[in-house]
Amino acid sequence: MNAWLHILAALVLAPLIPGIINRVKARMSGRVGKPLLQTYFDLAKLTRKGLVESHTASFMLGVGPAVSLAAVCGALCLLPSPASPAPASFGGDFMLAAYCLGLSRLALILAALDTGSSFEGMGASREAAFSALAEPVLFLALLALAVDAPSLSLSGMLGQGLSGALAPERLFVPLLLFILLLTENCRIPVDDPNTHLELTMIHEVMVLDHSGPDMAMISYGAALKLWFFAAAVTLSLLPVQAMPPLAAWAAFLAGVALVAVAVGLIESSMARLRLLRVPRLLGSAGALAALSLVLTVWR
Amino acid sequence: MAAIQSLLVALVVVNLAYLAVTRLKTLTRITALQGVLLAATPLAIAGPHGHGLILSLAVLAIKGIGFPWLVARTLSRLEVNPVVEPYFGFNMSLLAGVGGLLFSLWLESRLPFPPGLFPPLLFPAALTSIFSGLTLVVARRKALTQVIGYLAAENGIFLLGVPLAAQGSVWLELSVLLDVFVAVFVMGIALHHINKTFESIDVGRFCSLRD
């Protein structure tokens, strides 16, 4: 029961995260901002709307968002809850989680290519390029976590907390996961979720041709993915496994909210990187991940 | 013990940062940061008394404040393009840096050190610092980055000497510090001359020199 509680919390609370980010951004620029629950309202509105499909598109345009959402939900099932292991947990499940996220991305990329629009093809190619660079960073960070973990599953690797001051390189893992959160969820400094110039867009340009319930699935999937990474950052920092369940839940939810606030603060204080600079950011993250792994293994 | 480990990890990260940075100004700040971290190492190893304290203060004054100030002053007077121009790319340099770290970890396991001489990670951190300094010298186009590379390499050599300073070689360390200070001073003057002759500090232009 406890294990499924996390999935339920993610499904219900995930749309709150974009709300928190937008609220922080608005407050930082001196505006009141949208309501915290705006994403819920958007989702409700989108599901009520009809579907407009391009004549040139095939079935992939419709399948993409559904597969993408399902794959993210699959990845969430592998993430441990703060007070118990994940509903589905086995040795090496972090590979499955990483590739569930990959599948989700692939489905959206194929749907974007399917429309035949040159802008969407461009966005898809950028998304594919950046995620290919982000993947080694994710695996190196997870391997660094796996070295000292009792088991090779996400449930064993996350929730241990940082192992004290003797291993300062462990501090890099939450930082790397946070950089991955920004990259994978198309936030500043990698991509600007609010931009409306097709030439500079990455993720948002891929979904231009989607409408109605399809768009709702994409927005909901994006919120769930944001939750996945925010939860991973929080669980890699906090020793929730050693806490009593209620305290663990409280610390976890506060941590996820704080991660959202941090994303908002970064988006308000940083400019977006030039497209050519993004590989350098991910390259540096990769070097940091390699450093963390090498030092962890070496100790 | 925990403090020295955190310091050494920070030093390794700084070494990698040398190779990833694209702005000369940031590079100068990183030199200052490395100087400050180096100044803290004698304190972390030997405690805040006696020779360790003198060495630490001297390093803070020369490597943490003096050198970065000299480099920053040269940078502002030369009015050069503020971007670091690499011969080979930033990501490749970073890979080389990580390779250097792996090599030094391997070398540490092979060399027969007297037990207890170096705290864990000190030797790899020092060697990586030398490697990234040499990479900066070889793989960057501007003469100023080569001065900074020389400083980074010297910092690595200094770090190797820190555990020995407790055994009385602190005066030797101080005299080397003075030598390096003079070297950087001379390099600053040489940079001005290079800039005057070639109207740039791009070392590639030296190829046009003839007898």
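Would you confirm whether or not the stretch A:133-140 contains a residue that is open to solvent by 60 Å² or more (accessible area, probe 1.4 Å), under 28 Å from A:GLN241 (Cβ atoms) and either touching a Lys or Arg at 6+ places or on another chain (Cβ under 6 Å) or within 14 Å of chain B (Cβ to nearest Cβ) (or both)?
Yes, the stretch A:133-140 contains a residue that is open to solvent by 60 Å² or more (accessible area, probe 1.4 Å), under 28 Å from A:GLN241 (Cβ atoms) and either touching a Lys or Arg at 6+ places or on another chain (Cβ under 6 Å) or within 14 Å of chain B (Cβ to nearest Cβ) (or both).
Cβ-Cβ below 6 Å, separation at least six or inter-chain, first residue in the stretch A:113-133 and part of a helix (DSSP H, G or I), second open to solvent by 60 Å² or more (accessible area, probe 1.4 Å): which pairs?
Final answer for the pair search is A:PHE119/A:GLU198; A:GLY121/A:LEU113; A:ALA124/A:LEU113.
Please name all residue pairs, on different chains or six or more residues apart, with Cβ atoms under 6 Å, provided the first residue is in the stretch A:273-289 and is touching a residue at least 24 places away in the same chain (Cβ under 8 Å) and within 10 Å of A:VAL190 (Cα to Cα) and the second residue is open to solvent by 50 Å² or more (accessible area, probe 1.4 Å) and β-branched (Val, Ile, Thr).
Final answer for the pair search is none.
How many of the residues making up the stretch B:112-140 are more than 10 Å from chain A (Cβ to nearest Cβ) and either touching a residue at least 12 places away in the same chain (Cβ under 8 Å) or part of a helix (DSSP H, G or I) (or both)?
Qualifying residue count, the stretch B:112-140: 20.
Search the stretch A:16-33 for residues that are among the charged types (D, E, K, R) and pair each with any residue that is crowded, with 20+ Cβ neighbours inside 10 Å and part of a helix (DSSP H, G or I) when their beta-carbon atoms are under 6 Å apart and the residues are at least 6 apart or on different chains.
Here the result reads A:LYS25/A:GLY264; A:LYS25/A:GLU267, each pair linking the stretch A:16-33 to a residue that is crowded, with 20+ Cβ neighbours inside 10 Å and part of a helix (DSSP H, G or I).
Determine which member of the set B:GLU79, B:GLU85, B:GLU108 is away from chain A (no Cβ under 13 Å) and free of Cβ contacts under 8 Å to residues at least 60 places away in the same chain.
Matching residue, one of B:GLU79, B:GLU85, B:GLU108: B:GLU79.
Quick check on my filter: what residues within the stretch A:188-223 are of a type outside the set (A, V, I, L, M, F, W, C) and surrounded by 21 or more Cβ atoms within 10 Å (Cβ to Cβ)?
Within the stretch A:188-223, A:ASP191, A:HIS203, A:ASP209, A:HIS210, A:ASP214, A:TYR220, A:GLY221 meet the criteria.
When you check B:THR74 against the structure, is it more than 12 Å from chain A (Cβ to nearest Cβ), on the phi < 0 side of the Ramachandran plot and more than 15 Å from the chain's Cα centre (by Cα), yes or no?
Yes: the conditions hold for B:THR74.
Name the pairs whose Cβ atoms lie under 7 Å apart, with the first residue in the stretch A:71-85 and in contact (Cβ under 8 Å) with a residue 24 or more places away in the chain, the second open to solvent by 10 Å² or more (accessible area, probe 1.4 Å) and of a type in the set (Val, Ile, Thr), and 6 or more positions between them or separate chains?
Pairs found: A:LEU76/A:ILE7; A:CYS77/A:ILE7.
Looking only at the stretch B:1-51, which residues are among the hydroxyl-bearing types (Ser, Thr, Tyr) and in a helix (DSSP H, G or I)?
B:SER6, B:TYR18, B:THR26, B:THR28, B:THR31, B:THR41
Would you confirm whether any residue within the stretch B:32-46 is hydroxyl-bearing (Ser, Thr, Tyr), more than 14 Å from chain A (Cβ to nearest Cβ) and closer than 27 Å to B:GLN146 by Cβ?
For the stretch B:32-46, residues hydroxyl-bearing (Ser, Thr, Tyr), more than 14 Å from chain A (Cβ to nearest Cβ) and closer than 27 Å to B:GLN146 by Cβ: present.
Tell me the residue from A:LEU69, A:LEU108 that is closer than 20 Å to A:ASP192 by Cα, in a helix (DSSP H, G or I) and touching a Gly at 6+ places or on another chain (Cβ under 6 Å), please.
After applying the criteria, what remains is A:LEU108.
Looking at the stretch A:206-299, what helices (runs of 4 or more DSSP H) fall wholly within it and have at least 1 residues that are within 14 Å of chain B (Cβ to nearest Cβ) and over 29 Å from A:GLY123 (Cα atoms)?
A:278-298
Of the conditions (1) surrounded by fewer than 23 Cβ atoms within 10 Å (Cβ to Cβ); (2) in contact (Cβ under 8 Å) with a residue 40 or more places away in the chain, A:LEU158 fails just one. Which one is it?
Of the numbered conditions (1) surrounded by fewer than 23 Cβ atoms within 10 Å (Cβ to Cβ); (2) in contact (Cβ under 8 Å) with a residue 40 or more places away in the chain, the odd one out for A:LEU158 is (1).
Kindly check whether there is at least one residue in the stretch B:166-173 that is part of a helix (DSSP H, G or I), open to solvent by 50 Å² or more (accessible area, probe 1.4 Å) and in contact with a Pro (Cβ under 9 Å, 6 or more places away or on another chain).
Looking through the stretch B:166-173, at least one residue is part of a helix (DSSP H, G or I), open to solvent by 50 Å² or more (accessible area, probe 1.4 Å) and in contact with a Pro (Cβ under 9 Å, 6 or more places away or on another chain).
Going by the structure shown, is A:VAL240 buried (at least 16 other Cβ atoms within 10 Å of the Cβ) and at pLDDT below 95?
yes
Go through (1) surrounded by fewer than 20 Cβ atoms within 10 Å (Cβ to Cβ); (2) at pLDDT 90 or above; (3) not polar (S, T, N, Q) one by one and return the number of the condition B:GLY47 breaks.
Going through the list (1) surrounded by fewer than 20 Cβ atoms within 10 Å (Cβ to Cβ); (2) at pLDDT 90 or above; (3) not polar (S, T, N, Q), B:GLY47 breaks only (2).
Determine which single condition A:PRO82 fails, assuming it passes every other condition in (1) more than 29 Å from A:THR234 (Cα to Cα); (2) open to solvent by less than 60 Å² (accessible area, probe 1.4 Å); (3) modelled with pLDDT under 90.
Against the list (1) more than 29 Å from A:THR234 (Cα to Cα); (2) open to solvent by less than 60 Å² (accessible area, probe 1.4 Å); (3) modelled with pLDDT under 90, A:PRO82 comes up short only on (1).
Go through (1) in contact with an Asp or Glu (Cβ under 6 Å, 6 or more places away or on another chain); (2) closer than 27 Å to A:ILE266 by Cα; (3) open to solvent by 10 Å² or more (accessible area, probe 1.4 Å) for A:LEU171 and report which single condition fails.
(1)
Restricting to the stretch B:6-27, count the residues that are touching a helix residue (DSSP H, G or I) at 6+ places or on another chain (Cβ under 6 Å) and either open to solvent by 10 Å² or more (accessible area, probe 1.4 Å) or within 14 Å of another protein chain (Cβ to nearest Cβ) (or both).
Matching residues across the stretch B:6-27 total 15.
The values are calculated or read from the model by the stated rules, or taken from the named source; none is laboratory data. Given the structure is predicted, the values throughout are model-derived calculations rather than measurements. Note that we place each Cβ from the backbone using ideal geometry, even for glycine, and neighbour counts take in every protein chain shown. What goes into the accessible areas is simple: the full protein's heavy atoms, side chains included, and nothing from ligands, DNA or RNA. Shrake-Rupley method; radii C 1.70, N 1.55, O 1.52, S 1.80 Å.
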